[in-house]
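Starting off with a structure, shown below.
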Amino acid sequence: MIQRKQTLFLLMAFVLTIVCSCCQIGSLVSNMSSVDLYNLWLVDETGQHSFSSWPLLAVLILASLLSLVTIFLYHKRKLQAQLCLLHMLLLVLWYVVLAVLPQSLGGSLVLAWPAVLPAVAIILSFMARKGVLADEKLVRSLDRIR
């Protein structure tokens, strides 16, 4: 299981989504103040926490759990390929929520480097899906030979 390249890709995508969920992903800048944006909360200059960004964390937790579950479905390659696609869609949804959040809170968003980690996870999930489909194609060709 671990020797398959797609397993390593999915494991790296899992780690990247966990790291992104723990780091500051940017700042919301309005007219008079700046607020630090995390996946679970916003922190203003006084240290007050506002949990209005919790949908970001919810999507990342779903995506990370999905990539972890997908690793262990190596016997069901078709389902594994579909779950890789769903993982990519969840991470795209994270970016959509990230784009909508500043508009709902009234400010402009300045991103930090951890905001790139889900994009790297999307690429890794794409590469994992490509490997799963290659394995499925190989198994089908071997079945034809028998």
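Only loop residues by DSSP count here, and only those with at most 11 other Cβ atoms within 10 Å; note down the chymotrypsin sites (Phe, Trp or Tyr not before Pro) in segment 41-143 that meet that.
Phe51
Which value in deg cm²/dmol, rounded to the nearest 500, describes the helix-derived mean residue ellipticity at 222 nm for the chain, given -39,500 (n - 2.57) per DSSP H run of n ≥ 4 and division by the residue count?
Counting only the DSSP helices, I get -22500 deg cm²/dmol.
Run the numbers for Gln48 and Asp36: contour at 0.36 nm per residue of separation, minus the present Cα-Cα distance, in nm.
3.3 nm
Using the basic label-point model (7 angstrom from Cα toward the beta carbon), what is the Tyr95 to Arg4 distance in nanometres?
So the label points at Tyr95 and Arg4 sit 2.7 nm apart.
For the pair Leu133 and Ala58, how long in nm is the line joining their label points, each one 7 Å along Cα→Cβ?
3.1
Now a separate question. Can you list residues from other chains, or at least 5 along the same chain, whose modelled amide H is less than 5 Å from the amide H of Asn39?
HN-HN under 5 Å from Asn39: Ile25.
To continue, here is another question. For Phe126 and Leu85, calculate 0.36 nm times their separation in residues minus their Cα-Cα distance, and state this gained length in nm to one decimal.
Answer, rounded to one decimal: 14.0 nm.
Do any trypsin sites (Lys or Arg not before Pro) in segment 64-94 lie in a DSSP loop with no more than 15 other beta carbon atoms within 10 Å, and if so, which?
Sites meeting the loop and neighbour criteria: Lys76.
Through the Karplus equation 6.51 cos²θ - 1.76 cosθ + 1.60, θ set to phi - 60°, convert the phi angles of segment 72-79 into ³J(HN,Hα) values in whole Hz; use x for Gly and Pro.
Ordered by residue, 3J(HN,Hα) equals 8, 9, 5, 7, 10, 5, 5, 5 Hz.
Step by step: find N for segment 5-141, compute 2.2 N^0.38 Å, then divide the Cα radius of gyration by it. What's the final number? Write down the numbers at each step before the final one.
Values: Rg = 17.1 Å, N = 137, 2.2 N^0.38 = 14.3 Å.
The reported ratio for this selection is 1.20.
Using Cα pairs closer than 8 Å and at least 6 residues apart in sequence, work out the relative contact order for the chain, in percent.
33
Every read-out reported here was derived from the displayed coordinates using simple, explicitly stated rules and does not represent laboratory data. These figures come from a predicted structure and were not determined experimentally. A quick note on method: Cβ atoms are made from the backbone with ideal geometry, for glycine too, and the neighbour counts reach across all protein chains shown.
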